[in-house]
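Participant: Pasting in a structure now, in structure tokens, and then I'll have a few things to ask.
The values are calculated or read from the model by the stated rules, or taken from the named source; none is laboratory data. The model shown is predicted, which means the values in this text are computed figures rather than measured ones. Note: ideal-geometry Cβ built from the backbone for every residue, glycine included; neighbour counts use all protein chains shown.
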Number of protein chains: 2
Amino acid sequence: MDRILFTNRVVDELASMLAHLPKEDMFVLFDSNTYAYWYSFFEKIDFIKEHVIVCEEGEKNKSIESAAKIWSVLSRKGARRNSLLINIGGGMITDLGGFAAACFKRGMRYINIPTTLLAQVDASVGGKTGVNFDGLKNEIGHFYFPEKTFIDPVFLKTLPERQFWSGYAEILKHALLSTADDVYATMEINSLSSKDKLMDIIRRSVKLKSDIVTSDPFEKGARKSLNFGHTAGHAMESIAQEWKCPLYHGEAVAYGMLFELYLSVQKKGFELTLYKLLEEFIFTRYGPMPRVEPEIFYRQMLHDKKNGKAEINFTLLRRPGEYETDVYCTRKEIMEVWSYFQS
Amino acid sequence: MDRILFTNRVVDELASMLAHLPKEDMFVLFDSNTYAYWYSFFEKIDFIKEHVIVCEEGEKNKSIESAAKIWSVLSRKGARRNSLLINIGGGMITDLGGFAAACFKRGMRYINIPTTLLAQVDASVGGKTGVNFDGLKNEIGHFYFPEKTFIDPVFLKTLPERQFWSGYAEILKHALLSTADDVYATMEINSLSSKDKLMDIIRRSVKLKSDIVTSDPFEKGARKSLNFGHTAGHAMESIAQEWKCPLYHGEAVAYGMLFELYLSVQKKGFELTLYKLLEEFIFTRYGPMPRVEPEIFYRQMLHDKKNGKAEINFTLLRRPGEYETDVYCTRKEIMEVWSYFQS
């Protein structure tokens, strides 16, 4: 957690961190959207204009080609291992910038300033960096930790509602991996909740993820619990990329969690009453489960990298905070649960 | 050193290592040249044909594009984090394959079977992986260690003389970082030396490098000594890439060492008599120092990534085994030493 700073004064904190760094050693990466909204917010910090790198927004630009563009600028402007790349944006930017930093001269310094709720509670904690490749999410990447992550709620005020709830799905996931009390508290948040209450939930959520990651940085054991909701969720997200209005990551995870919770009800005795409350919460916030051809859904999951072998494994819950990773489920079990949602 | 296996029976050793791995989890990477000479040598091992990846030989193919081709095959054939990439070839293949493995699904297993002397004593020891980018050597890469490295002298018998001596330059470098006795022993090797004597020298050389790397895996301190000869050497190698007959890496390092040794004579009191012996050895083995415009040489060094700041630093020697890293040298000092060689 000492690498993660919660603050209401991100610009001042950043300025003080950069005070002793030569200007020519600072590089800033924005996506085009965040640049438009937030560049002037950072004007107190005297970045060299040519050291500001703006990458087109959108998941499709989280690519090797975008990383190569960043490397070209860094290389041309004489960046060194001791230079600092400052990633300002959502998860797409923190993942892409982190990957670019991980590989530039075999690893340069970087920090993250996540500007979406999703990136604050998920992408920017845990050292996972990566880009999409050949249509597969995060197929190419590395474990490489930022020197510092600044979390400031100021960025959330320009966040569209749909993006806010997308991020909130990961908070719900962390709560489900923690305690029943956390789950109930998480379901209480709505648009009338105070900023302080929200910040408190964010802080607890980040701490939970950070504790898990610290105990297992390279995903050999406990960290796999964070994949809860993601086997089904990633598959849905990949499939939805073809749609006119693709799912956001958190939305896909929300549906993925619901799918895996119902599997947990069937296989691990997760309490049906709590499941029903969660189902109502998710359908209310995210809309009904999308309709996907079962065979396509099944095949997409088979390609998921989290599986050790050619079978589909899930993280399932007995109750909040009690999980089992690598639970093998048969094709029949998966199809039965899927038919519950599609009926 | 336990990750490095010296053997005269590499195929048997490999077969026994792979005995319990499902065939579909093995992937083999060759360069086209090594594939032509050595593929049949490995026929005892029943690789899946579609899992053999052949990359065009040559430094210019140590690129992001080649890595992307490897990732495409791995991805299409369902490789997982637990799959094993077996890199068989020179440093170009161990660097490229290591980088591809480092980034595939955030890190898959890999082993190295270096087939050149240079790769055996240098590239495949130390976890440095990488590709060239925008004309800069190893600009993009990562520290990522192979699970195992097999060193077998059998591969050296098809190695052209020029490549042999290129690799030998790194052995000389390791000797210079060790003791005067090692330096004299290294200068005694010639084409009449026995295979056992050569293997003994290779083993000592690998052990020396491995000890240094283990003491400082991420190049924060002692490991920098291994850059001896490389500040000047890399610059010459980059410049020579434009020539009709470019320098081999080890040749450039040999000239680079000579340059830095003469700087050491001037600034650190390295013994002139020993220097003269080394000069004779290097000019005899590698030919006279190439003629390069001093300004071009100087500017190329300025771009070298090993420098912490916008100045040129070297690893210099007081005597064999006694080095000083990050020694700043003025432009005047550098130019004076260069003029000695170009006069």
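Participant: Under the condition of being surrounded by 15 or more Cβ atoms within 10 Å (Cβ to Cβ) and touching a Pro at 6+ places or on another chain (Cβ under 8 Å), which residue from the range B:186-203 is modelled with the highest pLDDT?
Facilitator: Once the filter is applied, the top-ranked residue is B:I202.
Participant: Going residue by residue through the range A:209-218, is there one that turns out to be buried (at least 19 other Cβ atoms within 10 Å of the Cβ) and over 16 Å from the mean Cα position of the chain (by Cα)?
Facilitator: Among the residues of the range A:209-218, not one is buried (at least 19 other Cβ atoms within 10 Å of the Cβ) and over 16 Å from the mean Cα position of the chain (by Cα), which makes the answer no.
Participant: Here is a further query. Could you say whether any residue in the range A:31-46 is within 11 Å of another protein chain (Cβ to nearest Cβ) and under 17 Å from the mean Cα position of the chain (by Cα)?
Facilitator: No, because not a single residue in the range A:31-46 is within 11 Å of another protein chain (Cβ to nearest Cβ) and under 17 Å from the mean Cα position of the chain (by Cα).
Participant: Return yes or no: is A:S40 polar (S, T, N, Q), without any contact (Cβ under 8 Å) to a residue 60 or more places away in the chain and within 17 Å of B:H303 (Cβ to Cβ)?
Facilitator: no
Participant: Out of curiosity, is A:G107 facing chain B (nearest Cβ under 7 Å) and either free of Cβ contacts under 8 Å to residues at least 24 places away in the same chain or of a type outside the set (F, W, Y) (or both)?
Facilitator: In short, yes.
Participant: Identify all residues within the range A:114-158 that are over 16 Å from the mean Cα position of the chain (by Cα), assigned to a strand (DSSP E or B) and more than 14 Å from chain B (Cβ to nearest Cβ); write none if there are none.
Facilitator: Scanning the range A:114-158 gives a single hit, A:K148.
Participant: Have a look at A:K44, A:K69, A:K49 and point out the one that is over 21 Å from A:T149 (Cβ atoms) and modelled with pLDDT under 95.
Facilitator: A:K49
Participant: Given the criteria over 13 Å from the mean Cα position of the chain (by Cα) and either at positive phi or buried (at least 20 other Cβ atoms within 10 Å of the Cβ) (or both), does A:T231 qualify?
Facilitator: Yes; evaluated as a whole, the condition is true for this residue.
Participant: Let me ask something additional. When the range A:264-294 is examined, which residues are found to be part of a loop (DSSP other than H, G, I, E, B) and at pLDDT below 95?
Facilitator: Residues satisfying the conditions are A:G287, A:P288, A:M289, A:P290, A:R291, A:V292, A:E293.
Participant: I'm trying to understand the selection: among the residues of the range B:118-137, which are among the charged types (D, E, K, R) and surrounded by fewer than 23 Cβ atoms within 10 Å (Cβ to Cβ)?
Facilitator: Selection gives B:D134, B:K137.
Participant: In addition: Given the condition touching a Phe, Trp or Tyr at 6+ places or on another chain (Cβ under 8 Å), under 23 Å from A:R331 (Cα atoms), buried (at least 22 other Cβ atoms within 10 Å of the Cβ) and touching a residue at least 60 places away in the same chain (Cβ under 8 Å), answer yes or no: does some residue in the range A:269-287 qualify?
Facilitator: Within the range A:269-287 (the criterion being touching a Phe, Trp or Tyr at 6+ places or on another chain (Cβ under 8 Å), under 23 Å from A:R331 (Cα atoms), buried (at least 22 other Cβ atoms within 10 Å of the Cβ) and touching a residue at least 60 places away in the same chain (Cβ under 8 Å)), the answer is no, since none of the residues qualifies.
Participant: Tell me, please, whether a residue that is within 14 Å of chain B (Cβ to nearest Cβ), buried (at least 24 other Cβ atoms within 10 Å of the Cβ), on the phi < 0 side of the Ramachandran plot and of a type in the set (D, E) can be found in the range A:87-102. If you could, list the steps in order and put the result at the bottom.
Facilitator: So in the range A:87-102, the residues within 14 Å of chain B (Cβ to nearest Cβ) come out as A:95-96, A:98-102.
Imposing the further condition that a residue be buried (at least 24 other Cβ atoms within 10 Å of the Cβ) reduces the set to A:95-96, A:98-102.
With the extra rule that they be on the phi < 0 side of the Ramachandran plot, the set shrinks to A:95-96, A:98-102.
Add one more test, that the residue is of a type in the set (D, E), and what stays is A:95.
The answer is yes; a qualifying residue exists.
Participant: Further question: Within the range B:309-333, restricting attention to residues that are touching a residue at least 24 places away in the same chain (Cβ under 8 Å) and over 25 Å from the mean Cα position of the chain (by Cα), which residue is surrounded by the most Cβ atoms within 10 Å (Cβ to Cβ)?
Facilitator: Residues of the range B:309-333 touching a residue at least 24 places away in the same chain (Cβ under 8 Å): B:312-321, B:323-327, B:329, B:331, B:333.
Going one step further and asking which of them are over 25 Å from the mean Cα position of the chain (by Cα), we end up with B:329, B:331, B:333.
Working: B:C329: 21, B:R331: 12, B:E333: 15.
Going through the qualifying residues, I end up with B:C329.
Participant: Assess whether B:E242 counts as being surrounded by fewer than 15 Cβ atoms within 10 Å (Cβ to Cβ), at pLDDT below 90 and out of contact with any Ser or Thr (no Cβ under 8 Å at 6 or more places or on another chain).
Facilitator: It is true that B:E242 is surrounded by fewer than 15 Cβ atoms within 10 Å (Cβ to Cβ), at pLDDT below 90 and out of contact with any Ser or Thr (no Cβ under 8 Å at 6 or more places or on another chain).
Participant: Can you name the residue in the range B:47-74 that is in a loop (DSSP other than H, G, I, E, B) and of a type outside the set (F, W, Y) and is also farthest from B:L118 (Cα to Cα) among such residues?
Facilitator: Per the criteria, the residue is B:I48.
Participant: Here's something else I'd like to know. More than 18 Å from A:I151 (Cβ to Cβ) and free of Cβ contacts under 8 Å to residues at least 12 places away in the same chain: is that true of A:D196 in this structure?
Facilitator: Judged against the criteria, A:D196 is not a match.
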